[in-house]
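**Student:** First, the structure itself, so that you have it in front of you.
The values are calculated or read from the model by the stated rules, or taken from the named source; none is laboratory data. All figures in this text were calculated on a predicted structure; none of them were measured in a lab. These accessible areas exclude ligands, DNA and RNA; they are computed on the full protein's heavy atoms, side chains included. Shrake-Rupley method; radii C 1.70, N 1.55, O 1.52, S 1.80 Å.
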Amino acid sequence: MRALAVLAIGAVLLTAPPTAGALTVSGRVVKGTGRVPTAGIPVALHMVRESQELPGKTVTSGPDGAFRFTGLPADPGVEHYLSTEYEGAFYTEGPIDVAGKQTVTQDIQVFDVGREFDAIHVLNHHIIVERKQDGLHVTEVMVFQNGASTAFLGVGVNHAQPSGARVGLPASIKDFHAGIGGDEQTVQVQGREMTSLRPIPPGQRPFSFTYHVPLSGRMDLSHRLYFPTHTFVVMLDDPTLRVESMTLKSGGTREQGGKTYSLYSGSDLAVGGEVDIRVNGAGFFSNPTIYPWLAAPAVMAVVFIFAARRGRKSRAAAAAAAATAGAAHPATPMPTPIRPAAARRVPASPASGADDFAQVYLYLIAALDQGLERGEFSEESHALIRGNLKRRLETILADEPRAGIR
């Protein structure tokens, strides 16, 4: 009876369906426009919950190009991605739609890699600018066209790494995030250059990203072009803002997504050119980050005036105490008589208020320069605030020729 029971339990386990909640992701690695199955290609499965990447798995495609991942948790809060590398180029697919499914099929298409630059151009490059309280929120969408039969992978910044998409970004951008056609692992920003480690495959491929620019009186959104561009469009949702550009022309307004956008456009732009885009109309005082810099000199002045008055009172009290002590002890030698003020010149003390003010303004100017390097201010805001601080510093140090001002 025991033997029969064991056999019955074994039969149930062998014929039972997969564990509830288990997920299987399978597919093939195919190459080229002909989608030829390709063997021996490593395929990685990535699982991400919010910003945390969970332990993944890696398999190798079989003789028919097939790969398979089994026993995966069907957690609705986890996103699944596939990736592979072929001839030095990265390919990714995802997030894969696994909602309510136990089996999902997703192929990965790879290509032979080439550098046929003449076959690459940008069909259209759209920049959507939305004004928010903390600055301009910018979304850029590009559509690449590769007319060759191989994936394009050119050179990146400083020729250090190969790159597919490459874009010259504006200065002073913040919170850059890759969108369609990219991810945080394969999209890099260095200075004003953005490059993608993914190749540009044959056919049309969209590419997008977002960032924001702090508000100031004049915001520079200029771009350098690394590919010939058929159409370049800038759209602004705030009618008080306007674009100054020698490259783009005003095209009226456009309704999109329930908003009215001012339109500026250009066409047939050559590689290597600079699309000058300067957004005016926000006003200098629209950037809250400059308020501390404007208020700092006045606050420092009040502090040092208060300190100087207290110092004078302390010196007066000390002189009164010395006079009282001299009256109580007549034998004590009296100090040397002081000449009239008109007949002498009192040198500034090393701890004088002027020196303190100079040190404060020099510190503020140095901190402001560092803020510009970190992208906290636009060049226009930096120049205006720095000029104000410098003029005040020059006034303070008018009688101090030894102090140098940059």
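**Student:** Where does region 171-232 land on Rg/Rh, using Cα atoms and the Kirkwood Rh?
**Tutor:** Dividing the radius of gyration by the Kirkwood radius yields 0.98.
**Student:** Let me ask you something else. Work the Kirkwood hydrodynamic radius out for region 82-171: mean of 1/r over every pair of different alpha-carbon atoms, inverted, in Å. Don't jump to the answer; show the numbers that get you there.
**Tutor:** Details: mean 1/r = 0.0611 Å⁻¹.
Its Kirkwood hydrodynamic radius stands at 16.4 Å.
**Student:** Order H177, H159 by their accessible area, 1.4 angstrom probe, all chains in place, largest first.
**Tutor:** Values: H177 95, H159 140 Å².
My answer, sorted largest first, is H159, H177.
**Student:** Could you run the Karplus curve 6.51 cos²θ - 1.76 cosθ + 1.60 with θ = phi - 60° over region 231-244 and give me ³J(HN,Hα) per residue in whole Hz, x for Gly and Pro?
**Tutor:** After applying 6.51 cos²θ - 1.76 cosθ + 1.60, I find 9, 10, 10, 10, 10, 10, 8, 10, x, 7, 8, 9, 9, 9 Hz.
**Student:** Would you list F207, F176 from the most to the least accessible area, probe 1.4 Å? Intermediate results must be reported in sequence, preceding the final value.
**Tutor:** Values: F207 10, F176 45 Å².
The most accessible residue leads, giving F176, F207.
**Student:** At 1.4 Å probe size, put K31, K132 in order of accessible surface, largest to smallest. Display every interim value, and only then the final one.
**Tutor:** Values: K31 60, K132 90 Å².
Most to least solvent-accessible, the answer reads K132, K31.
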